[in-house]
Amino acid sequence: MPSAVVFKVIKPTRFKNEWFVDAVEEESKRIGNEMLKDFRKTVRTWNDKPRFRKAISVGPRSVDILVGTDNDIYRYVNDGTRVRYAVMSRDFIPKTRVRHIGSFRGRGGMVFINKNHPMPGIVGRHFDEEIQKKWQSRYKKAMERVMSSFRSRSGHAI
């Protein structure tokens with residue numbers, strides 16, 4: 001009884017680097033926009049809202065999503081200070097809380113500046129660290145979805 005074995009070579013399609021880079025960039029922009037929304041939440045109730053900017057950079061070995069502001073007051077609130085010269089009203093209630101992505105109504109405000117009598121500094125709210133913590137795992141999952149989709153489309157899936 002004659003028998004025959006036939007081997008068929010299955011070749012994956014040519015690796016399309018442009019599509020992959022475009023998909024990574026598109027997903028990075030989406031995540032960057034969501035991060036920008038979170039930063040804006042932290043100043044939602046402020047009278048003088050800082051302007052936040054976003055920059056995305058997709059390189060051969062890394063992807064950078066930068067969201068931030070150069071506003072000094074935001075930096076003082078986010079990072080904290082060692083001393084404070086602002087004298088606040090007796091009814092003062094801050095609009096932000098430590099490690100909370102958001103902003104509340106608050107009450108009172110600065111009465112005057114006294115450079116001769118420094119007081120304990122501002123406790124840092126660390127919005128940037130909380131937003132990074134929130135989005136880091138979500139970004140990783142998004143990139144895994146992009147890679148999985150790319151493997152399937154290109155025929156490189158195992």
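The values are calculated or read from the model by the stated rules, or taken from the named source; none is laboratory data. In this text, all values refer to a predicted model and were calculated from it rather than measured experimentally. Glycine also receives a Cβ, built like all others from the backbone with ideal geometry; neighbour counts cover every protein chain displayed.
Among the residues of the range 55-90, write down those that are out of contact with any Ser or Thr (no Cβ under 7 Å at 6 or more places or on another chain), surrounded by fewer than 16 Cβ atoms within 10 Å (Cβ to Cβ) and within 20 Å of Glu27 (Cβ to Cβ).
Ala55, Ser57, Gly59, Pro60, Arg61, Ser62, Leu66 - these are the residues of the range 55-90 that are out of contact with any Ser or Thr (no Cβ under 7 Å at 6 or more places or on another chain), surrounded by fewer than 16 Cβ atoms within 10 Å (Cβ to Cβ) and within 20 Å of Glu27 (Cβ to Cβ).
Considering each residue of the range 89-111, count those that are hydrophobic (A, V, I, L, M, F, W, C) and either assigned to a helix (DSSP H, G or I) or at pLDDT below 95 (or both), and give that number. Please lay out each step first, then the result.
Here is the first cut: in the range 89-111, the residues hydrophobic (A, V, I, L, M, F, W, C) are 92-93, 98, 101, 104, 110-111.
Right, trim to either assigned to a helix (DSSP H, G or I) or at pLDDT below 95 (or both) and you get 110.
Final tally of qualifying residues: 1.
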